[in-house]
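Report on the following structure.
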Amino acid sequence: MKFTVTTQTGRIDKVLSQADLDFTRSQLQNWLKADLITVNGAAVKANYKVAPADEIDITVPEPEPLGAVPEDIPLDIVYEDDQVIVVNKPQGMVVHPAPGHATGTLVNGLLFHVDLSAINDVVRPGIVHRIDKDTSGLLMVAKTPEAQQSLSAQLKDKSSIREYYALVHGTFKEDHGRIDAPLGRDPKDRKKQAVVPNGRHAVTNFEVVERFEKFTLIKCILETGRTHQIRVHLAYIKHPVAGDPMYGPKQTLIGKGQFLHAAKLGFVHPTTGKLLIFEAPLPAIFEETLEKLRRGIDTTHKIR
């Protein structure tokens, strides 16, 4: 991975950790020690002071396999053929193994259900996009390398269909809108994403579905698919997703995390060329909360 420094200056480990590279500062420091990061063709130490026009080359080492093993986990499979699977992921399930979540993930369940050995990825076999642990809804999974290439390309060229329902704080005067704001790591908290000037292009469209006294049910239509995109964009316009422990207020609706559901998914089948569209109903707790709001029952409480 190569890039040229423009205006950033300072220690190289700090400059790189503040760039939108999806690497932690500790990773970068370890790679500097291993001479995997060079500047203008030469290895440097973590205290190297970056100058404008420096050319930085990062050799990313192969990730250590987490050893995802098949687990007999019930899956809500909406559709399956020899190329793809569409799964309705429950709230609370992590998509693929990661530090702290080596078992019980969607991938563990998929490996028990189907042979994904043709896809050369021991950690995320077949996974072409993700939704957060506490977001429910539809995911498309590739069963072959050809399908993975096709589905990934559709995500990249924005031709796939992804629509979410979100229950958010506050009321809207408008019936629809478009949030076009670049996203990157939050400079104040590396675990979060934020709207930042030099972030990656991100667009979320929304439509109001139902209004309540203090909350609004909206539909979000993604043009891009950045990490935490909907959650960050809605918090940015002062309408955070209800129940969101990371980007929302402390006082929010009782639930099992954020009230965000991937309700509609569409893509062109990798081999038949047919447009497939799937829909998943809202989880029970989401429907129950909406019904309470319709009856004027406010279940807000302090979550942290």
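The values are calculated or read from the model by the stated rules, or taken from the named source; none is laboratory data. Everything numeric in this text was worked out from a predicted model, so none of it was measured. Cβ atoms come from the backbone with ideal geometry, glycine included; neighbour counts cover every protein chain shown.
May I ask you to verify whether His261 is more than 30 Å from Gln149 (Cα to Cα) and either in contact (Cβ under 8 Å) with a residue 40 or more places away in the chain or not in a helix (DSSP H, G or I) (or both)? Spelling it out, it is not the case that His261 is more than 30 Å from Gln149 (Cα to Cα) and either in contact (Cβ under 8 Å) with a residue 40 or more places away in the chain or not in a helix (DSSP H, G or I) (or both).
Condition check for Thr4 on (1) modelled with pLDDT of 80 or more; (2) touching a strand residue (DSSP E or B) at 6+ places or on another chain (Cβ under 7 Å): one failure, at (1).
Among residues of region 193-246 being polar (S, T, N, Q) and surrounded by fewer than 19 Cβ atoms within 10 Å (Cβ to Cβ), the one that is farthest from the chain's Cα centre (by Cα) is Asn198.
When Gly255, Gly225 are checked against the criterion of being closer than 14 Å to Arg162 by Cα, modelled with pLDDT under 95 and small (Gly, Ala, Ser), Gly225 stands alone in meeting it.
When you check Gly137 against the structure, is it more than 14 Å from the chain's Cα centre (by Cα) and assigned to a strand (DSSP E or B), yes or no?
Values: more than 14 Å from the chain's Cα centre (by Cα): no; assigned to a strand (DSSP E or B): yes.
Answer is no for this residue.
Under the condition of being under 22 Å from His101 (Cα atoms) and either exposed (fewer than 12 other Cβ atoms within 10 Å of the Cβ) or touching a Pro at 6+ places or on another chain (Cβ under 8 Å) (or both), the residues counted in region 69-85 number 3.
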